[in-house]
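**Q** Questions regarding the structure given below will be posed in turn.
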Amino acid sequence: MNYVISTIKENKIDRYILQNDGNYYSISKLLFDILSEFNQHNDYKITSKKIQEKNPHEINVDERFIEDSIKEVNSILNNKKEDKLNYINNKFVIVKEDTSTWLYKKMSLIFNENTFVFTFIILSTLSIFFFYYNRIDLNKVYYNLNDNFSFINILTFYAIFFIIIFFHEIGHAASSFSFGVKPKEIGFGLYFIFPVLYTNTTNIWKLNRDQRIIVNLGGIYIQLFINIVFIILYVLQIGQNFTLSLIILNTLSILTSFNPFFRYDGYWIYSDFFNIPNLREKSGNLINNIFFHPVNTAKQIKQKQIPSSLLIYSFLSVVFWGFVYYSILKYAFKEMAKIYRLFANGGIMSFNSLESIFMLLIIFFGIYNLYKNIIKN
């Protein structure tokens with residue numbers, strides 16, 4: 001099995017990485033030492049002896065333990081999922097690897113590690129100040145979007161927003177490139193039932209935590225720059241009503257990106273900030289253990305064997321997804337009741353009936369994807 005192991009310095013602490021076919025895994029120091037020695041000697045007995053010399057406090061590193069460890073690594077690598085973006089379905093590539101290097105080079109200047117935080121805060125503050133100064137509350141947001149709700153405007157919004165989200169993905173790619181990690185493709189696919197753009201930046205696992213967070217924030221960072229452009233157009237009174245809608249929609253998109261319960265930017269930010277790889281899987285396992293093994297889990301929590309950041313995420317995840325499922329089912333029952341009434345009144349083939357049936361199909365398709373992507377993954 002071909003793999004590469006490496007050490008990354010992160011906040012004065014070493015992080016150990018195993019790389020295989022573009023996939024990156026966080027491993028313990030003990031496993032790193034075992035793989036290092038085994039690669040050099042290719043012998044379980046010699047490896048065991050070397051590990052015992054390096055780690056005299058480890059009492060279970062006999063030949064059997066070494067052999068089991070190597071087999072476990074090989075098993076994981078042999079059975080790995082080929083696509084780390086497997087939660088996105090029906091993908092196709094828009095920008096191939098290496099075709100936009102010239103653009104990433106030009107944009108890498110704005111991702112300077114020393115100035116990124118300052119610039120991000122300034123851009124965020126300007127956007128917040130715009131909403132505060134113009135007293136744009138939820139009512140004003142609603143009325144503005146409602147006033148611009150026309151077929152032509154919706155098509156225009158979609159076209160502009162596609163460009164905005166495309167540059168959001170360019171932001172991830174350019175920030176990755178600025179830290180010396182070549183991004184892969186930018187593509188289009190379906191996340192649950194939603195059409196999305198994505199950037200394949202799986203190689204950023206070789207970066208330290210702060211750099212990974214900057215890459216995770218790269219798309220939002222570009223959207224904040226775009227917000228400033230829209231604000232300037234608004235101040236210059238260029239299509240103010242329409243421009244305000246763009247500012248509102250772009251800001252709502254930014255806020256949505258921070259949601260850590262979908263695999264949006266907020267999920268990866270939370271995962272990297274608290275150093276919890278495979279956050280969703282670990283959260284799911286913790287929730288399962290709380291329900292089915294409450295006593296042992298309570299002991300682990302009391303002994304602080306479970307990070308508080310994982311515990312908080314798991315609790316909020318249950319609340320969030322509970323609300324999502326409740327809202328979906330409530331709407332589904334409402335539509336089924338409407339279909340029943342139409343059927344009872346002989347209007348089963350009416351437009352309203354067909355519309356409700358279509359919405360139910362979308363809901364059931366969405367629930368299936370929620371199950372496939374959240375429960376199974």
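**Q** Any idea which residue in region 215-242 is nearest to ILE17 (Cα to Cα), counting only those that are β-branched (Val, Ile, Thr) and open to solvent by less than 10 Å² (accessible area, probe 1.4 Å)?
**A** Just the residues of region 215-242 that are β-branched (Val, Ile, Thr), to begin with: 215, 220, 222, 226, 228-229, 231-232, 235, 238.
If we keep only those that are open to solvent by less than 10 Å² (accessible area, probe 1.4 Å) too, we end up with 215, 220.
Values: VAL215: 19, ILE220: 28 Å.
The residue in question is VAL215.
**Q** Ok, one more. Across region 270-289, which residue is surrounded by the most Cβ atoms within 10 Å (Cβ to Cβ) among those that are free of Cβ contacts under 8 Å to residues at least 12 places away in the same chain and in a helix (DSSP H, G or I)? Steps first, answer last, please.
**A** Restricting attention to region 270-289, the residues satisfying the condition of being free of Cβ contacts under 8 Å to residues at least 12 places away in the same chain are 271, 278, 285, 288-289.
After this cut, where a residue has to be in a helix (DSSP H, G or I) as well, the list is 271, 285, 288-289.
Numbers: SER271: 22, ASN285: 13, ASN288: 12, ASN289: 16.
Only one residue tops the list, namely SER271.
**Q** Just to verify a result, which residue in region 28-70, among those that are of a type in the set (S, T, N, Q) and more than 38 Å from the chain's Cα centre (by Cα), is surrounded by the most Cβ atoms within 10 Å (Cβ to Cβ)?
**A** In the first step, residues of region 28-70 are kept if they are of a type in the set (S, T, N, Q); the result is 28, 36, 39-40, 42, 47-48, 52, 55, 60, 69.
If we keep only those that are more than 38 Å from the chain's Cα centre (by Cα) as well, we get 42, 47-48, 52.
Working: ASN42: 9, THR47: 26, SER48: 20, GLN52: 14.
Ranking the qualifying residues of region 28-70, first place goes to THR47.
**Q** Run down LEU244, LEU252, LEU224 and say which single residue is part of a helix (DSSP H, G or I) and touching a Ser or Thr at 6+ places or on another chain (Cβ under 7 Å).
**A** Details: LEU244 fails: touching a Ser or Thr at 6+ places or on another chain (Cβ under 7 Å); LEU252 fails: touching a Ser or Thr at 6+ places or on another chain (Cβ under 7 Å).
Residue meeting the stated conditions: LEU224.
**Q** Right, GLY187: surrounded by fewer than 19 Cβ atoms within 10 Å (Cβ to Cβ), farther than 21 Å from PHE258 by Cβ and out of contact with any Pro (no Cβ under 9 Å at 6 or more places or on another chain) or not?
**A** no
**Q** Looking at LEU252, is it open to solvent by 50 Å² or more (accessible area, probe 1.4 Å), closer than 25 Å to LEU123 by Cα and modelled with pLDDT of 90 or more?
**A** Working: open to solvent by 50 Å² or more (accessible area, probe 1.4 Å): yes; closer than 25 Å to LEU123 by Cα: yes; modelled with pLDDT of 90 or more: yes.
Against the criterion (open to solvent by 50 Å² or more (accessible area, probe 1.4 Å), closer than 25 Å to LEU123 by Cα and modelled with pLDDT of 90 or more), LEU252 qualifies.
**Q** Could I ask something else about it? Would you say SER245 is open to solvent by less than 30 Å² (accessible area, probe 1.4 Å) and either under 27 Å from ASN208 (Cβ atoms) or free of Cβ contacts under 8 Å to residues at least 40 places away in the same chain (or both)? It would help to see each step written out before you state the result.
**A** Working: open to solvent by less than 30 Å² (accessible area, probe 1.4 Å): yes; either under 27 Å from ASN208 (Cβ atoms) or free of Cβ contacts under 8 Å to residues at least 40 places away in the same chain (or both): no.
Judged against the criteria, SER245 is not a match.
**Q** Does GLY266 satisfy being closer than 24 Å to PHE92 by Cβ, in a helix (DSSP H, G or I) and open to solvent by less than 20 Å² (accessible area, probe 1.4 Å)? Please lay out each step first, then the result.
**A** On the way: closer than 24 Å to PHE92 by Cβ: no; in a helix (DSSP H, G or I): yes; open to solvent by less than 20 Å² (accessible area, probe 1.4 Å): yes.
So GLY266 fails the test.
**Q** Being on the phi < 0 side of the Ramachandran plot and surrounded by fewer than 19 Cβ atoms within 10 Å (Cβ to Cβ) is the requirement here; does LYS206 meet it? Please lay out each step first, then the result.
**A** Details: on the phi < 0 side of the Ramachandran plot: yes; surrounded by fewer than 19 Cβ atoms within 10 Å (Cβ to Cβ): yes.
Considered against the rule, which asks whether it is on the phi < 0 side of the Ramachandran plot and surrounded by fewer than 19 Cβ atoms within 10 Å (Cβ to Cβ), LYS206 comes out as yes.
**Q** I would also like to ask the following. Pick from region 300-315 the residues that are surrounded by 12 or more Cβ atoms within 10 Å (Cβ to Cβ) and of a type outside the set (Val, Ile, Thr): which of them is farthest from the chain's Cα centre (by Cα)? Reasoning before the result, please.
**A** Just the residues of region 300-315 that are surrounded by 12 or more Cβ atoms within 10 Å (Cβ to Cβ), to begin with: 300-301, 306-307, 309-315.
This time we only want the ones that are of a type outside the set (Val, Ile, Thr), so: 300, 307, 309-311, 313-315.
Details: GLN300: 28, PRO307: 20, SER309: 17, LEU310: 16, LEU311: 19, TYR313: 14, SER314: 16, PHE315: 18 Å.
Here the answer is GLN300.
**Q** Restricting to region 123-157, name every residue that is at pLDDT 90 or above, among the hydroxyl-bearing types (Ser, Thr, Tyr) and either surrounded by fewer than 14 Cβ atoms within 10 Å (Cβ to Cβ) or outside any helix (DSSP H, G or I) (or both).
**A** Answer for region 123-157, where residues must be at pLDDT 90 or above, among the hydroxyl-bearing types (Ser, Thr, Tyr) and either surrounded by fewer than 14 Cβ atoms within 10 Å (Cβ to Cβ) or outside any helix (DSSP H, G or I) (or both): THR125, TYR132, TYR133.
**Q** Exactly one condition in (1) out of contact with any helix residue (DSSP H, G or I) (no Cβ under 7 Å at 6 or more places or on another chain); (2) open to solvent by less than 40 Å² (accessible area, probe 1.4 Å); (3) among the aliphatic types (A, V, I, L, M) is not met by LEU329; state its number.
**A** It is condition (2) that LEU329 fails.
**Q** Does region 173-180 contain at least one residue that is within 30 Å of TYR25 (Cβ to Cβ), assigned to a loop (DSSP other than H, G, I, E, B) and either open to solvent by 30 Å² or more (accessible area, probe 1.4 Å) or out of contact with any helix residue (DSSP H, G or I) (no Cβ under 7 Å at 6 or more places or on another chain) (or both)? Walk me through it before giving the result.
**A** Step one: list which residues in region 173-180 are within 30 Å of TYR25 (Cβ to Cβ), which gives 173-180.
Add one more test, that the residue is assigned to a loop (DSSP other than H, G, I, E, B), and what stays is 179-180.
Now restrict to residues that are either open to solvent by 30 Å² or more (accessible area, probe 1.4 Å) or out of contact with any helix residue (DSSP H, G or I) (no Cβ under 7 Å at 6 or more places or on another chain) (or both): 179-180.
Within region 173-180 (the criterion being within 30 Å of TYR25 (Cβ to Cβ), assigned to a loop (DSSP other than H, G, I, E, B) and either open to solvent by 30 Å² or more (accessible area, probe 1.4 Å) or out of contact with any helix residue (DSSP H, G or I) (no Cβ under 7 Å at 6 or more places or on another chain) (or both)), the answer is yes, since at least one residue qualifies.
**Q** Among the numbered conditions (1) closer than 22 Å to TYR25 by Cβ; (2) under 13 Å from the mean Cα position of the chain (by Cα), tell me where PHE261 comes up short.
**A** (1) is the only condition that PHE261 fails.
**Q** Just need a number here: residues in region 129-176 that are at positive phi and among the aromatic types (Phe, Trp, Tyr).
**A** The initial filter retains those residues of region 129-176 that are at positive phi, namely 135.
Restricting the remaining residues to those that are among the aromatic types (Phe, Trp, Tyr) gives none.
So the count comes out to 0.
**Q** Among the strands (runs of 3 or more DSSP E) lying completely within region 1-110, list those that include at least 1 residues that are on the phi > 0 side of the Ramachandran plot and modelled with pLDDT under 85.
**A** 89-95
The values are calculated or read from the model by the stated rules, or taken from the named source; none is laboratory data. If you're wondering where the values come from, they're calculated on a predicted model, not measured in any experiment. All Cβ positions, glycine included, derive from the backbone under ideal geometry; neighbour counts span all protein chains shown. We work out accessible area using only protein heavy atoms, side chains counted, and drop any ligands, DNA or RNA first. Shrake-Rupley method; radii C 1.70, N 1.55, O 1.52, S 1.80 Å.
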